1. Compute the Rg/Rh shape ratio of the range 99-140: radius of gyration over Kirkwood radius, all on alpha-carbon atoms.
2. Given a 1.4 angstrom probe, what's the average accessible area per residue across the range 99-140, in square angstrom?
3. Can you tell me the relative contact order of the range 1-52? Whole percent, Cα pairs under 8 Å, sequence separation 6 or more.
4. Rounded to the nearest 20 Debye, what is the dipole magnitude of the range 1-52 about its Cα centre when Lys and Arg each give +1 and Asp and Glu each give -1 at the C-beta?
5. Which residue, C65, S52, H17, has the largest displacement toward the positive end of the dipole of the range 6-110 when charges sit on each Cβ (Lys, Arg +1; Asp, Glu -1)?
6. When the dipole is taken about the Cα centre of the range 61-139, and only Lys, Arg (+1) and Asp, Glu (-1) are charged at their Cβ, what size is it in debye, to the nearest 20?
7. To the nearest 20 debye, what is the magnitude of the charge dipole of the range 99-140 about its Cα centre, counting +1 on the Cβ of each Lys and Arg and -1 on the Cβ of each Asp and Glu?
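The values are calculated or read from the model by the stated rules, or taken from the named source; none is laboratory data. Computed from a predicted structure; not experimentally measured. With ideal geometry, Cβ positions are generated from the backbone for all residues, glycine too; neighbour counts draw on all protein chains shown. These area figures cover heavy atoms from the full protein model, side chains too; ligands, DNA and RNA do not enter into them. Shrake-Rupley method; radii C 1.70, N 1.55, O 1.52, S 1.80 Å.
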Amino acid sequence: MGGGTEAFPDLGSHCQHSDCRQLDFLPFTCDACQKVFCVEHRSCKSHECPKSDVNSRKVLVCEICSMSIETTGCQGEDDKVLLQKHEKSGDCDPKKKKKPTCPVKRCKEILTFSNTSTCKSCRIQVCLKHRFPADHACKRNSSLSQPSANNKFLIALAARSGNDCGNKSRASASRPTTPSVKAC
C-alpha cells in the first residue's frame, strides 16, 4: 500500500479501513493486527480489530473466594472457562472470602476502609461504634502501661496536698496593708 505524493511517493500511507482509505502522513500501526490506520481508526474498537485481545491483560475476580485471576487474551479462553478451571484447581476456597469483622462481642460489623478505627491504646481495629476504649473493653498495651512524662506530672500533682501549693508568708507579703494614695 503505497502513499504519498508525486514528489514524495514513500511519505505516508493510506488507511486500511475498508470505508476510509484516507492518505495519512502520520499513520498508526495496530499492535494487534499490524495494519496501518489513520487517526480516526487507530484504536482497536474503531477499526473492529479481530485480534484486539492479543496483548491485553485483564483480571477476573472469583465470586466464590474473591481471588483475582490475571489473564491475557493470547490464550483464547473464555472468562467462564477460566473461572471453572480455577474452581476445579483446588485454589478456590469459600473460607477465604470471609471479610474482617469487628472483634467486639456480638458485633458483626464488617470492617472496611471507611468504617475502621484503630484504638490508640491496644492497637485493635474496631468499627466506629466501638472506637472508644470503654466501648470495646480496651486492654492497654504493655508499652503504654509505663507512666509517660505527662502521666508522671499528673501523678506528682495528685500526690501534693493543698497545703504544699503555696507559701502563706509570700501570699500575705504581696498584699499591701495600707494604700499609698487615699481617694477623696
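1. Values: Rg = 9.2 Å, Rh = 10.1 Å.
Rg/Rh: 0.92.
2. On the way: 3350 Å² over 42 residues.
Per-residue accessible area for the range 99-140 comes out at 80 Å².
3. Details: 89 pairs, mean separation 12.9, N = 52.
With pairs under 8 Å counted, the relative contact order is 25 percent.
4. Values: 5 positive and 7 negative charges, 44 e Å.
Value, rounded to 20: 220 debye.
5. Checking the options against the dipole of the range 6-110, the answer is C65.
6. On the way: 16 positive and 10 negative charges, 178 e Å.
That gives the range 61-139 a dipole magnitude of about 860 debye.
7. Numbers: 10 positive and 2 negative charges, 28 e Å.
Using Cβ point charges on Lys, Arg, Asp and Glu, the range 99-140 gives about 140 debye.
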